[in-house]
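In what follows, a structure is listed as structure tokens, so that the remarks can point back to it.
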Amino acid sequence: MIRRIFLDHPADVDESYFEHMAFAGTFSFKLFLAAGAAAVHALIPCMFEKTASKLIAEMYAKTHNRGA
């Protein structure tokens, strides 16, 4: 049960538990930045016009077909 909860998924993407933690933590931080940029853009449209979409595209490129 412990292995299934903590180790199976990281192994599926060829990472250790801590490598996966670092990757997911970085991913989470980038999503936070993208959300902030989108919120500012919603209020002031001339700011951060492509920031959120650029961050999302970069994250997608890093995760698409991971572990395939």
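Each value in this text was obtained by applying a stated rule to the coordinates, not by laboratory testing. Note that the structure is predicted; figures quoted are calculated from it, not measured. In this analysis, Cβ positions are derived from the backbone assuming ideal geometry, glycine residues included, and neighbour counts consider all displayed protein chains.
Brief remarks on what is shown
- Rounded if a/c under 1.5, otherwise prolate or oblate - the chain, Cα gyration tensor axes: prolate
- Relative to the longest principal axis of the Cα atoms of the chain, helix 51-63 runs at roughly 20 degrees.
- Centre-to-centre, using Cα atoms only, the range 53-68 and the range 7-31 are separated by 13 Å.
- Going from the fewest other Cβ atoms within 10 Å to the most, the residues ILE44, ILE2 appear in the order ILE2, ILE44.
- Using alpha-carbon coordinates, inclination of helix 17-43 to the longest axis of the chain, degrees: 20
- Straight-line cross-link partners of LYS62 among the aspartates and glutamates, defined as a Cα under 16 Å from its Cα and at least 8 positions apart when in the same chain: ASP12, ASP14, GLU15, GLU19.
- Each of GLY25, ALA57, HIS9 was placed along the dipole of the chain (beta-carbon charges, centred on the mean Cα), and the one lying farthest toward the positive end is ALA57.
- Dividing the helix sum by the residues of the chain, where each DSSP H run of 4 or more adds -39500 (n - 2.57), gives a mean residue ellipticity at 222 nm of -23000 deg cm²/dmol.
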